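The block underneath contains the structure these notes are about, expressed in structure tokens.
Read the figures in this text as sums done on the coordinates, not as results from a lab. Predicted, not measured: the structure shown is a model, and the values here were computed from it. For neighbour counting, all protein chains shown are included, and Cβ atoms are generated from backbone atoms with ideal geometry for every residue, glycine included.
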Amino acid sequence: MMIWVDADACPVKDEVYRVALRHGVAVTIVSNSPIRVPSHPLIARKVVSDGFDAADDWIAEHADARSIVITADILLADRCLKQGAAVIAPNGKPFTTSSIGGAIATRAIMADLRAGGDVIGGPPPFTKADRSRFLQALDEALVRLKRQA
């Protein structure tokens, strides 16, 4: 089992480490620039080129049915779901094959509104409830993967 983290803007890296180490699962932090990670045999860092979507491409190529991917990127989530991976957003909401279509459609609508000059704001601020929901979702996903193994 492996946890892949789309790390450049991920607010829950410390939580990933804590849950992964408790379960004895390896974590790879994937980013375009070096990010400090704890020194532990189960935690690795992969720095990819600074090319557009380089980290996303790398994660999508390595994700499989024994993986959990942590990302807020809807298009990366879609690619990883197609590879059979479980995908969780940093706010704890899982991306699923049944929810990803709606998320992609909403993303496209918001992009169109922004392109048309509408000021629509960004995502809501990250909260303690989001962090708690993430911890629970990651723990549940790891337990589910272990049962399948």
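Here the simple spin-label model places points 7 Å from the Cα toward Cβ, and for Glu61 and Gln83 these points are separated by 1.0 nm. Which shape class applies to segment 77-138: rounded if a/c is under 1.5, otherwise prolate when a/b exceeds b/c and oblate if not, where a ≥ b ≥ c are the square roots of the Cα gyration tensor eigenvalues? Verdict is oblate for segment 77-138. Approximating the spin labels as points 7 Å out from Cα along Cα→Cβ, the Arg36-to-Met1 distance works out to 2.9 nm. Mind checking which of Gly122, Gly51, Gly102 has the largest fluctuation in a GNM of the chain, springs on alpha carbons under 10 Å? Its mean-square fluctuation being the largest, the pick is Gly122.
How would you classify segment 2-148 from its alpha-carbon gyration tensor, with a ≥ b ≥ c the square roots of the eigenvalues: rounded for a/c under 1.5, else prolate if a/b is greater than b/c, otherwise oblate? Cα axes put segment 2-148 in the prolate bin.
As a proxy for reagent exposure, ranking Phe134, Phe52, Phe126 by other Cβ atoms within 10 Å from fewest up yields Phe52, Phe126, Phe134. Once the C-beta distance of Arg45 and Ala9 is scaled by a Förster radius of 25 Å, the resulting FRET efficiency is 0.95 to the nearest 0.05.
Here Asp53 and Ala105 are evaluated by their C-beta separation; at R0 = 25 Å the FRET efficiency comes out at 0.80. For Phe126, put the label point 7 Å out on the Cα→Cβ axis and report which residues of segment 54-88 keep their amide N under 11 Å from it. The answer is 72.
Among beta bridges identified by DSSP and lying wholly in the chain, the antiparallel ones come to about 10 percent. Sorted ascending by nearby beta carbons within 10 Å, beginning with the fewest, Glu61, Glu140 become Glu61, Glu140.
In terms of other Cβ atoms within 10 Å, Lys93, Lys82 run from fewest to most in the order Lys82, Lys93. Structural descriptor for the chain: relative contact order 21 percent, calculated from alpha carbon pairs under 8 angstrom and at least 6 residues apart. For Val69, the residues 5 or more places off, or on other chains, whose built amide H falls under 5 Å of its own are Trp4, Ala86, Val87, Ile88. Within the listed set Ser67, Ser39, Ser49, the Gaussian network model of the chain (springs between alpha-carbon atoms below 10 Å) gives the highest mean-square fluctuation for Ser39.
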